[in-house]
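Colleague: First, the structure itself, so that you have it in front of you.
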Amino acid sequence: MSNNDLTNVILAAGKGTRLKSSLAKVLHRAGGRTLVEHIVRACEPLKGRETVVVVGHQAEQVAAIVEPLEAVTVLQHPQNGTGHAMLVAKRSLGRAKLAVVLPGDAPLVRAETLKALITAHRNGNAAATILSAVLADPSGYGRVVRKSETAVSAIVEESQLTDEQRDINEINSAIYCFTLEKLWPALAHVKPNNKHRELYLTDAIAALSAKGETVLAQVAADSREVLGCNTRADLADVDRIFREWKRNALMDAGVTIQLPETVLIDPDVTVGEDTIIEPTVQLLGKTKIGARCTIRTGSVLTDAILGDEVTVEAHCVVAESRLDDGVIIGPFARLRPNNHLKAGARIGNFVELKKSTIGEGAKAMHLSYLGDAKIGTKSNIGAGTITCNYDGFNKYPTSIGNKVFIGSDTALVAPVRVGDGAYIAAGSTITENVPADGLGIARGRQVNKPGWAAKKRRELSTLEKPKSVSKRSKRKPRRASKKRKR
Ligand code: UD1
Ligand code: MG
């Protein structure tokens with residue numbers, strides 16, 4: 001489809017009073033992206049001349065999102081309604097003949113639906129074509145009033161509905177295709193005849209129809225696509241639908257998702273075939289998961305890259321880290337940013353990693369902190385080992401070679417190096433480098449004192465004598481009571 005006569009206009013200047021938020025409405029997120037970003041992306045496949053975004057509230061933040069997506073912005077100040085927003089956009093529309101106009105708060109619309117809208121508009125030679133939807137509960141939306149089966153006479157806003165019109169369940173999505181040379185004169189006739197004293201773009205529809213222009217309404221096949229986000233409840237509904245679509249796409253591509261409604265997956269996440277995702281998992285950001293992995297319940301992965309056959313046991317938190325093929329982590333592992341776990345490495349429960357490389361087949365199975373550390377191939381990090389990588393001012397590296405055995409409860413005071421094949425005795429505080437194949441031992445020597453404990457107990461029992469006296473005095477009355485029975 002060639003659309004070089006068409007420009008997209010996104011109206012995104014409003015505050016969103018009904019959200020009760022200090023953040024402009026279009027900056028709120030659903031389905032893992034800001035609302036406005038979803039809409040700019042939906043316009044991209046239309047291949048129009050450009051996408052113009054009308055900005056107002058928190059204009060700079062909105063521009064910072066849409067400009068990298070190659071949209072241009074135009075400032076509406078003050079915000080005098082959707083019709084006024086369109087007039088503000090006029091100067092940026094250049095030689096475009098058609099405009100697809102979208103609100104900044106209906107992010108579920110898909111490019112295919114917009115393409116069908118444009119086709120209907122062109123085929124019908126219309127002045128305006130409205131994307132409408134039939135909703136079981138139309139409340140809150142403007143209603144489409146038809147004068148015949150095909151032609152529309154007006155859009156009536158909720159606040160201005162007559163009792164009869166209130167029963168109309170065909171709603172205005174606020175997504176339209178306009179022939180611009182017809183829109184501008186109609187918009188010039190629109191007056192701010194409403195309680196907000198705003199110019200409504202919807203009123204241009206009645207003006208066009210009154211002039212005898214063709215106004216069509218195309219009913220969206222999936223009514224969920226037009227849902228607007230005016231309240232927090234709307235945001236939650238829209239988020240739920242985005243998440244469902246994403247999970248369904250992954251399941252169609254061969255991913256098993258258990259209790260799918262409990263799993264949250266961001267739009268850019270990819271997952272390979274035969275991977276199993278257990279309930280309540282969150283896969284966020286640009287996380288990429290290979291094939292045949294298992295992500296167990298309660299784990300949250302953000303910008304993580306997993307190879308094939310990786311197991312993330314229950315309740316792990318992973319951020320910005322790479323886990324190569326066959327790695328197993330958790331349960332209850334925490335990977336802060338910038339770790340690289342090489343093939344077959346294992347990280348167990350209550351182990352925290354930061355900016356560390358764990359060599360192939362290396363293990364740290366219990367209760368450790370490894371920060372700024374490099375662990376070689378097949379090394380074993382004992383329970384309770386920690387890298388002391390911070391002196392209050394700077395961070396220092398710890399380097400552990402291949403096939404090293406670090407005994408439990410070792411403190412490695414960085415910067416420090418342990419050579420290949422070395423042993424560290426349990427309970428050591430290592431402050432100096434340990435040579436390859438050597439033993440590092442740094443702890444107080446054990447002293448055994450034979451008989452010490454028994455002697456101590458004897459001493460203590462003599463001190464306790466007064467207590468035993470009181471026990472005897474308790475027994476006497478018992479004997480006396482037996483005599484009484486006889
Ligand atoms: C609008 C429609 C309504 C439709 C509904 C669908 C109007 C008057 N009403 O109502 O018929 O059923 O969408 O979701 O259009 N905006 C600006 N500048 C302004 C005012 C608004 O850019 O001066 C932007 C907002 O940021 C928002 C969009 O226009 O993205 C729509 O405004 P909103 O207040 O959400 O309109 P609704 O009441 O939802
Ligand atoms: Mg709205």
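Where a number appears in this text, it was derived from the coordinates with a stated rule and is not lab data. Quantities reported herein were computed from a predicted structural model and do not represent experimental measurements. Heads up, the Cβs are rebuilt from the backbone with ideal geometry, glycines too, and the neighbour counts pull from every protein chain shown.
Colleague: What fraction, in whole percent, of alpha-carbon pairs in segment 79-172 exceed 17 Å separation?
Modeller: For segment 79-172, the fraction of Cα-Cα distances above 17 Å is 60 percent.
Colleague: Assuming R0 = 41 Å, what is the FRET efficiency of Glu181 and Ser22, from their Cβ-Cβ distance, to the nearest 0.05?
Modeller: E between Glu181 and Ser22, to the nearest 0.05, is 0.50.
Colleague: Also: Over 30 Å between C-alpha atoms is what I'm after, so list which of Lys20/Lys211; Lys147/Lys191; Lys25/Lys395 land there.
Modeller: Lys20/Lys211; Lys25/Lys395
Colleague: Can you name the helices of the chain, as whole DSSP H runs, whose Cα span along the helix axis is 27 Å or more and whose Kyte-Doolittle mean is not below -1.0?
Modeller: Span-like helices in the chain: 232-252.
Colleague: Collect residues whose amide H, placed 1.01 Å from N in the peptide plane, falls under 5 Å from the amide H of Thr294; neighbours closer than 5 in sequence don't count.
Modeller: Distant-sequence amide H within range of Thr294: Ile276, Val310, Thr311, Val312.
Colleague: Consider a paramagnetic label point 7 Å from the Cα of Lys97 along Cα→Cβ; state which residues of segment 119-139 have an amide N under 18 Å from it.
Modeller: Hits in segment 119-139 for Lys97 at 18 Å: 119-129.
Colleague: Which of the trypsin sites (Lys or Arg not before Pro) found in segment 117-211 are in a DSSP loop and have at most 10 neighbouring Cβ atoms, other than their own, within 10 Å?
Modeller: Within segment 117-211, the qualifying trypsin sites (Lys or Arg not before Pro) (loop, at most 10 other Cβ atoms within 10 Å) are Lys195, Arg197.
Colleague: Right, something else. Any idea what log10 I(q)/I(0) is at q = 0.14 Å⁻¹ for segment 202-324, Debye with uniform C-alpha scatterers and no solvent?
Modeller: -0.64
Colleague: Dipole magnitude of the chain about its Cα centre, charges +1 at Lys/Arg Cβ and -1 at Asp/Glu Cβ only, in debye to the nearest 20?
Modeller: The dipole of the chain has a size of about 5640 debye.
Colleague: Taking segment 55-117, which trypsin sites (Lys or Arg not before Pro) meet the DSSP loop condition and have no more than 12 other C-beta atoms within 10 Å?
Modeller: Taking segment 55-117 and a limit of 12 other Cβ atoms within 10 Å, the loop trypsin sites (Lys or Arg not before Pro) found are Arg95.
Colleague: Please state, to two decimals, what the Cα-based radius of gyration of the chain comes to when divided by 2.2 N^0.38 Å (N = residues).
Modeller: The chain yields a ratio of 1.51.
Colleague: Quick one, can you get me the convex hull of the C-alpha atoms of segment 377-424 expressed as volume per residue in Å³?
Modeller: 56
Colleague: Across the chain, where is the longest run that never hits GluC sites (Glu not before Pro) in a DSSP loop with at most 11 other C-beta atoms within 10 Å?
Modeller: The segment 165-431 is the longest one with no such site.
Colleague: Now for a different question. Please report how far the C-alpha centroid of segment 1-21 lies from that of segment 274-290, rounded to the nearest whole angstrom.
Modeller: So the two Cα centres are separated by 32 Å.
Colleague: Using R₀ = 45 Å, calculate the FRET efficiency as 1/(1 + (r/R₀)^6) where r is the Cβ-Cβ separation of Asp268 and Lys195; round to 0.05.
Modeller: Once the sixth-power term is evaluated, E becomes 0.60.
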